[in-house]
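Asker: The structure under discussion is supplied below as structure tokens; questions concerning it will follow.
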Amino acid sequence: MSTRWQQIARRTMGEQYAVRYAARFRDQVAAGSDVHGEAAFVHGLVAGPSRILDAGCGTGRVGVRLAELGHAVIGVDSDPAMVEQARVEAPDLEWHVADLADLALGAEFDVVVLAGNIVPLLEEGTLTVVGSRLAAHTAPGGLVVCGFGLDAAHLPAGCPVTPLETFEGAMAAAGLVLRQRLGGWEAAAYSPAEGYVVTVHQRTSGTEHQR
């Protein structure tokens, strides 16, 4: 069965959506565009080389850049076609096909990052369990960083809106404490009117999870 993401991707970009998605970013880089705002933001949160999970890695853009910056990166995505492209982009990195709702890598990370509307593209009814799995893969004191659109203008056509209150409630239920709420990867102040949010949650040292 196709996921919500796959249905939207095929409808908007065709059957070769993963190849086209990867090519689009390569073309932007070739044209001189900076496509690494998410990676730069995450890099700025940590004091040195860190263990980072790129959750919903897609074709690997964010994870590859974080590895270039010196971090130990593992990427996971539920879409085999996207992971295949990530392996083409960076065959030396570790990429997994895995659904965030039943993620079980048996490892903890200093930072777990979800960039690119991963949250609203989750399957219906899975947000709470995904929050729990993210927390389970976050080291005590570690961070979960998410960025996503809050209105139709900032989401793919056909993607439902996940209310910020619903998302933050799921994170809190997983034992993740909100540390920052920003308006974008450039760290602008958050405004509900802008339709986009970046959040930084932290797993407190006293929270225990089953990996």
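The values are calculated or read from the model by the stated rules, or taken from the named source; none is laboratory data. This structure is a prediction, so every number in the text was calculated from the model and none was measured. Every residue, glycine among them, receives a Cβ derived from its backbone with ideal geometry; neighbour counts consider all protein chains shown.
Asker: Could you run through the range 26-40 and say how many residues are part of a helix (DSSP H, G or I) and either surrounded by 15 or more Cβ atoms within 10 Å (Cβ to Cβ) or among the aliphatic types (A, V, I, L, M) (or both)?
Answerer: 6
Asker: Between a residue in the range 164-177 that is more than 11 Å from Gln202 (Cα to Cα) and any residue that is modelled with pLDDT of 95 or more and surrounded by 19 or more Cβ atoms within 10 Å (Cβ to Cβ), which pairs come within a Cβ distance under 7 Å, given they are 6 or more apart or on different chains?
Answerer: Leu164/Leu150; Leu164/Val197; Thr166/Leu127; Phe167/Val119; Phe167/Leu127; Ala170/Leu127; Ala170/Gly131; Ala173/Gly131
Asker: Next up: Is there a residue being under 17 Å from the mean Cα position of the chain (by Cα), crowded, with 20+ Cβ neighbours inside 10 Å, within 28 Å of Leu182 (Cβ to Cβ) and among the small types (Gly, Ala, Ser) anywhere in the range 10-21?
Answerer: no
Asker: Name, by its number, the condition in (1) over 19 Å from Arg51 (Cβ atoms); (2) at pLDDT below 95 that does not hold for Glu186.
Answerer: With (1) over 19 Å from Arg51 (Cβ atoms); (2) at pLDDT below 95 applied to Glu186, the lone miss is (2).
Asker: Taking the range 40-65, which residues are of a type in the set (A, V, I, L, M) and in contact (Cβ under 8 Å) with a residue 40 or more places away in the chain?
Answerer: Listed by number, the residues that qualify are Ala40, Val42, Leu45, Val46, Ile52, Leu53, Ala55, Val62.
Asker: Out of (1) surrounded by 22 or more Cβ atoms within 10 Å (Cβ to Cβ); (2) of a type outside the set (Phe, Trp, Tyr); (3) farther than 23 Å from Ala136 by Cα, what's the single condition that is false for Val73?
Answerer: Unmet for Val73, out of (1) surrounded by 22 or more Cβ atoms within 10 Å (Cβ to Cβ); (2) of a type outside the set (Phe, Trp, Tyr); (3) farther than 23 Å from Ala136 by Cα: (3).
Asker: Do we have Ala67 as in contact with a Ser or Thr (Cβ under 7 Å, 6 or more places away or on another chain) and more than 23 Å from Leu182 (Cβ to Cβ) here?
Answerer: So Ala67 fails the test.
Asker: Out of everything in the range 80-98 that is without any contact (Cβ under 8 Å) to a residue 24 or more places away in the chain and closer than 20 Å to Leu121 by Cα, what residue ends up being surrounded by the fewest Cβ atoms within 10 Å (Cβ to Cβ)?
Answerer: Only one residue tops the list, namely Pro80.
Asker: Still on this structure, please answer the following. Report every pair of residues separated by at least 6 positions or lying on different chains whose Cβ atoms are under 6 Å apart, first residue within the range 25-38 and in contact (Cβ under 8 Å) with a residue 24 or more places away in the chain, second part of a loop (DSSP other than H, G, I, E, B) and crowded, with 17+ Cβ neighbours inside 10 Å.
Answerer: Listed pairs, sorted by first residue: Gly37/Trp185; Glu38/Trp185.
Asker: Just wondering, is there one or more residues in the range 48-63 that are under 19 Å from the mean Cα position of the chain (by Cα), part of a loop (DSSP other than H, G, I, E, B), within 16 Å of Phe109 (Cα to Cα) and small (Gly, Ala, Ser)?
Answerer: Within the range 48-63 (the criterion being under 19 Å from the mean Cα position of the chain (by Cα), part of a loop (DSSP other than H, G, I, E, B), within 16 Å of Phe109 (Cα to Cα) and small (Gly, Ala, Ser)), the answer is yes, since at least one residue qualifies.
Asker: Where the second residue is among the aliphatic types (A, V, I, L, M) and in a loop (DSSP other than H, G, I, E, B) and the first is more than 12 Å from Gly58 (Cα to Cα) and modelled with pLDDT of 95 or more and lies in the range 111-124, which pairs have Cβ atoms under 7 Å and are six or more apart or on separate chains?
Answerer: Correct list of pairs: Val111/Leu45; Val111/Val46; Pro120/Leu155; Pro120/Val161.
Asker: Quick check, is Ala86 in contact with a strand residue (DSSP E or B) (Cβ under 9 Å, 6 or more places away or on another chain), of a type in the set (A, V, I, L, M) and part of a helix (DSSP H, G or I)?
Answerer: Yes: the conditions hold for Ala86.
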